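Beneath this line is the structure, given in C-alpha cells, with notes to follow.
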Amino acid sequence: MIPRIYIPGDSGALALGAEKVAKAIEKELADRGIEAKIVRNGSRGAYFLEPMVEVATENGRVAYGPVKPSDVKSLFDSGFLTGGHHKRWLGAPDKIPFLARQTRLTFARCGVINPLSLDHYKAHGGLKGLQNAVAMAPADIVKQVTESGLRGRGGAGFPTGIKWKTVLDTIADKKYIVCNADEGDSATFADRMIMEGDPFVLIEGMAIAGVATGATKGFVYIRSEYPHAVAMMQKAVEAARKAGLLGLNVLGSPHAFDMEIRVGAGAYVCGEETSLLNSLEGKRGVVRAKPPLPAIQGLFGKPTVINNVISLASVPVIMDKGAAFYKDFGMGRSRGTIPIQIAGNVRYGGLFEAAFGMTLGEIVDDIGGGTATGRPVKAVQVGGPLGAYFPRSLFDTPFDYEAFAAKDGLIGHAGITVFDDTADMLKQARFAMEFCAIESCGKCTPCRIGSTRGVETIDKIARGSEPEKQIELVTDLCNTMRFGSLCALGGFTPYPVMSAINHFREDFKPAPVAEAAE
Ligand SMILES: Cc1cc2nc3c(=O)[nH]c(=O)nc-3n(C[C@H](O)[C@H](O)[C@H](O)COP(=O)(O)O)c2cc1C
Ligand code: SF4
C-alpha cells in the first residue's frame, strides 16, 4: 500500500507553516526514494497542534503535531509512515482530548477528507441529505428544517425553516439563495474552515435550500480576506457542476440549481444581510430599511434566502438523519450543535463543535485551558465586536441564545475572545465605539454620530474629567444607539461598551485631573 500523508492546506495551518512542512516532507520522500500520496486536507480545528500531519496506517490514522520543517528528518527516521513514536506523536486524531470531546455534526468531515474529492465526500456520508431532499415535496423539506430547530448561525439566531417558508410561499419568476460568508467577527473562522475543508457540504446545503424554496440560483459572498476559501469554493463548484450536483437537473431530478462565488468588498457592514445584497448588486454596501424583508424582496428585488455558511452547512445532516436526530442535541430553544471558536489570549485555541448548553467557564477554562500567558482570565468577549464582555462571575452561563440574552450578552457567530488580567476594559470600550465609527455605513444618526461622540466621551473618562458624569452620558448615548439604530452595528455596540462599564467599573476610575487641562 502506498503511504498516504495528510497535510492541511487550510489557511490557518498555512499561517503556522504547513506549506514549509509539506515541502520538507516532499523533499525527504524524494531523497529517500519513497513513493507516497500527499493529501492536502482541511484543518480539524485544533490550531494549537497545527501544522498537524497525519498518516494513514493499517490501524487507522496517526497524527503528529505541531510539526516543524526541522522535525521532518527525524519523523522519517522514527518510522512515522507506519505510525512510529516521535516527540510530535499525538496518536489517533479522534482520541486527542480537544477533538474527542466534540460532537461533530456540521464539521464531521472537516480536516478528515480531501476537500475536493467528491468520492471522499460521499464515502463519509455526503450527498445523502440532498438525495433525500430531491425525492421530497418542497414544503416537507422546509418542515423538516423547521422541526430540527435550526437557527441562523450568522448572529441573529432566526429560525432557518421560517425564513425558507416565507421564500417558498412567495410567488416570483426568480428566487435566490445567498450564502453569507463575509465572516467579519473577531475570533471567528468556522465559515472559512468549512469552505476550505469541506466545501461540498456548503454546496449541498445551498442546493437543498434551492430545491426547498424554488430558488434556482445561489451566490456565496466571501470576504476578500479569504483568498484560499474563494479558490477552494470555485474549484468545488466546478466539480459539483461536472458531477451533476448542480445544473439543470440536480442529481437527475427536475430541480435546477446553480451557483456562483462572489468576492466581498471588504467592509464589516457588508456582512449585514441587506448591505450584502446591495454589494452583490454592485451598489455601495449601505444597509436597507426593512420591510421589505429579503425573503420577500431581496436580491434584485426577488425573494431571497440569506443564510450564514454554518446554517446552510448544517442542513445536509438534518436532511440525512432527520429533524429529531438534530433536535435531540442542545438545550431550550437552542437546538443542535454550535461550532464555538475559541481565540484571543487562550492556551488551546481552535474550533470546538458541541451541543448547545456547555457553560462559558467549561469552554474557557476546561476546553481552552485558560490563558496562553498563564495569567488569570479577566474577561471573555462572546459574539464578536458587538458582543458583551463577560467577567468570571458570569462563567456559569450556558451557551444558549436565551441564556446569553438574559445576561445582556449574545452568542452571535460563536466566536469567543479571551483576555487576561492585564486587559484595560476602558480601552476595550473605547475600541468598540471606535470600531463602530470606522465601520458605520452612515445611514443613521445614532450610529454615525453617536459612535464618534462615544469615543470622545470615553476619552474624557480616561483623562479623569468628571468620570461619573461621563459614564452617565455614555449610558444615555448607548440607549439612544441601542433603540434608535437601523441595524445591529449601531444597535449592539452598546453591549461591549456597557458590559465593560458595568462589570469592570474599576477600569473607569482613573486619577482625576484638573478640568483646566481640557
Ligand atoms: C454589522 C453586521 C455584520 C454582520 N456580519 C455577518 C457575517 O459576516 N456573516 C453572517 O453570516 N451574518 C452576519 N450578520 C448577520 C446577517 O445580517 C444575517 O442575520 C445573517 O446573514 C442571516 O443568516 P442566518 O440566519 O443563517 O444567520 C451581520 C449583521 C450585522 C448587523
Ligand atoms: S446602525 Fe450604523 S451601520 Fe447600521 S444602518 Fe445605521 S449607520 Fe448603517
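Of all aspartates and glutamates in the structure, the ones whose alpha carbon falls short of 19 Å from that of Lys37, not counting any fewer than 8 places away in one chain, are Asp10, Glu19, Glu26, Glu28, Glu54, Glu58, Asp77, Asp119. The Cα atoms of region 4-157 define a convex hull whose projected area, averaged across directions, is 11.2 nm². State the Cα centre-to-centre distance between region 261-300 and region 350-371 in whole Å. Using only Cα atoms, the two centres lie 33 Å from each other. Summarising the overall dimensions of region 232-291 from its C-alpha atoms, the Rg and Dmax are 15.3, 40 angstrom.
Solvent-accessible surface (1.4 Å probe) assigned to Phe435 amounts to roughly 40 Å².
I want the local charge near Tyr121. Using Cβ-Cβ distances under 10 Å, sum +1 for each Lys or Arg and -1 for each Asp or Glu among the other residues. Residues close to Tyr121 contribute a combined charge of -1. On a C-alpha basis, how far is the centre of region 238-257 from the centre of region 50-87 in Å? Whole number, if you could? Between the Cα centre of region 238-257 and that of region 50-87, the gap is 40 Å.
Listed by chain and number, the lysines whose alpha-carbon sits under 27 Å from that of Lys469, ignoring those within fewer than 8 places in the same chain, are Lys378, Lys407, Lys427, Lys460, Lys509. The convex hull built on the alpha-carbon positions of region 219-367 has an orientation-averaged projected area of 11.9 nm². Accessible surface of Asp320, taken over heavy atoms with a 1.4 Å probe and every protein chain present, rounds to 50 Å².
For the chain, taking Cα atoms only, Rg and Dmax work out to 23.9, 81 Å respectively. Solvent-accessible surface of protein heavy atoms, probed at 1.4 angstrom with all chains present, puts Trp89, Trp164 in the order Trp89, Trp164, largest first.
Pairwise Cα separations in region 391-462 fall into 5 Å bins from 0 onward with the following percentages, short to long: 3, 13, 18, 17, 20, 19, 9, 1. Max-minus-min Cα coordinates of region 193-257 on each principal axis give 36, 22, 14 Å, with the largest extent listed first.
The fraction of all Cα pairs in region 337-458 landing in successive 5 Å bins from 0 to the largest distance is 2, 11, 20, 21, 18, 13, 9, 5, 1, given as whole percents. The separation of region 450-498 from region 301-331, counted between C-alpha centres, amounts to 37 Å.
With R₀ fixed at 45 Å, the C-beta to C-beta distance from Arg448 to Ala405 puts the FRET efficiency at about 0.95.
Name the helices (complete DSSP H segments) of the chain with a Cα length along the long axis of 15 Å or more and a Kyte-Doolittle mean of at least -1.0, or state none.
Working: long enough: 18-32 (21 Å, -0.70); 138-148 (16 Å, -0.25); 199-213 (22 Å, 1.65); 227-242 (23 Å, -0.18); 425-439 (21 Å, 0.45); 450-462 (18 Å, -0.26); 467-484 (25 Å, -0.32).
Flagged H segments are 18-32, 138-148, 199-213, 227-242, 425-439, 450-462, 467-484.
In this rough spin-label picture, where each label sits 7 Å from Cα along the Cβ direction, the Ile171-Lys27 distance is 6.8 nm.
Remark: accessible surface ordering of Val72, Val263 (largest first) is Val263, Val72, probe radius 1.4 Å.
In the chain, the calculated helix contribution to ellipticity at 222 nm averages -11000 deg cm²/dmol per residue, counting -39,500 (n - 2.57) for every DSSP H run with n ≥ 4. Taken over the Cα atoms of region 404-518, the convex hull encloses 111 Å³ per residue.
Compared with the rule-of-thumb size 2.2 N^0.38 Å for a compact globular protein, region 332-374 has a Cα radius of gyration ratio of 1.20. Over all directions, the projected convex hull of the C-alpha atoms in region 74-228 averages 12.1 nm² in area.
Rg of the Cα atoms in region 1-94, relative to 2.2 N^0.38 Å, amounts to 0.95.
The values are calculated or read from the model by the stated rules, or taken from the named source; none is laboratory data. The shown structure was predicted, so the numbers you read here are calculated from the model rather than taken from an experiment. Quick reminder, even Gly has a Cβ in these numbers, built from the backbone with ideal geometry, and neighbours come from all protein chains shown. For accessibility, only protein heavy atoms count, side chains too; no ligands or nucleic acids. Shrake-Rupley method; radii C 1.70, N 1.55, O 1.52, S 1.80 Å.
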